[in-house]
1. Compute the distance in nm between two label points, each set 7 Å from the Cα along the Cα-to-Cβ direction, one at residue 122 and one at residue 81.
2. How do 115, 87 rank when sorted from fewest to most other Cβ atoms within 10 Å of their own Cβ?
3. Length gain on complete extension for the stretch residue 233 to residue 47, per 0.36 nm per residue less the alpha carbon to alpha carbon distance?
4. Between residue 193 and residue 56, how many nm apart are label points set 7 Å from Cα along the C-beta direction?
5. Subtracting the Cα-Cα distance from 0.36 nm times the residue separation, let me have the gained length for residue 13 to residue 94 in nm, one decimal.
6. How would you rank 187-194, 54-61, 133-140, highest first, on the average number of other Cβ atoms within 10 Å across their residues?
7. Can you put 153, 144 in order, fewest other beta carbons within 10 Å first?
8. Note down the nm distance, to one decimal, between modelled labels 7 Å out along Cα→Cβ at residue 33 and at residue 21.
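Readers should treat all values here as calculations from the given coordinates under stated rules, not as data from a laboratory. All values derive from a computational prediction rather than experimental measurement. So basically every Cβ, Gly included, is an ideal-geometry build from the backbone, and we count neighbours across all protein chains shown.
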Ligand code: PXP
């Protein structure tokens, strides 16, 4: 399994003082040097953390891959088509949410999702859909033309260590197997940390995990190189 590190929280900290530090571009460099195989960043409609100039710089400076998280918004689609990240991950976005709360409802808006991602696919950008691990969403995703899904691991992470963990874990495993049967590649992310990540090894052929909050939180105490190295070792 590969490790994509989400650097949005570094930008959140930078923006708290409106200055230039800590610099998310520097953070991305450190992540790459310590085992990250891609850098994920979410250009939100309200630009609350990552700003346009960050993604324009990242696309020039990254040595690995840029995975741009984005909602179905035309202005962000325009930026994606201009900078051409290696991949985009389509997520739902609500203005008031603290973080991405649930998966994208692909089944409920199949036509809309398919036509939104078409120009991105035509431009050679790999498209991933961030969905809840249900058969309905997986089957719909397979019809859109996207090459990847990213399974939302938030509910698994929240229930980790409780009686509901097993059910949520099986939902992830079954969704991954179904997706692969339908020709999709499978990533996962949200809420994964140094304790709950180990069960991802039980899911066959997961390609990449996208992890942000737990790594940046740990980095406050250990430093970013150590925090990334430790997670990269756990998922290798
Ligand atoms: N994947 C997606 C699609 C996300 O929206 C997020 C959160 O921004 C993550 C992964 C990373 O989640 P976390 O910060 O909880 O590790």
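1. 0.8 nm
2. Numbers: 115 12, 87 23.
So the residues, fewest neighbours to most, are 115, 87.
3. Details: separation 186, 0.36 × 186 = 66.96 nm, distance 3.22 nm.
Additional length available on full extension: 63.7 nm.
4. If labels sit at residue 193 and residue 56, their model points lie 3.8 nm apart.
5. Values: separation 81, 0.36 × 81 = 29.16 nm, distance 2.09 nm.
Computed gain between residue 13 and residue 94 is 27.1 nm.
6. Working: 187-194: 22.4, 54-61: 16.1, 133-140: 19.5.
Result, highest mean Cβ count within 10 Å first: 187-194, 133-140, 54-61.
7. Working: 153 27, 144 23.
Going from least to most buried by this count: 144, 153.
8. So the two model labels end up 1.6 nm from each other.
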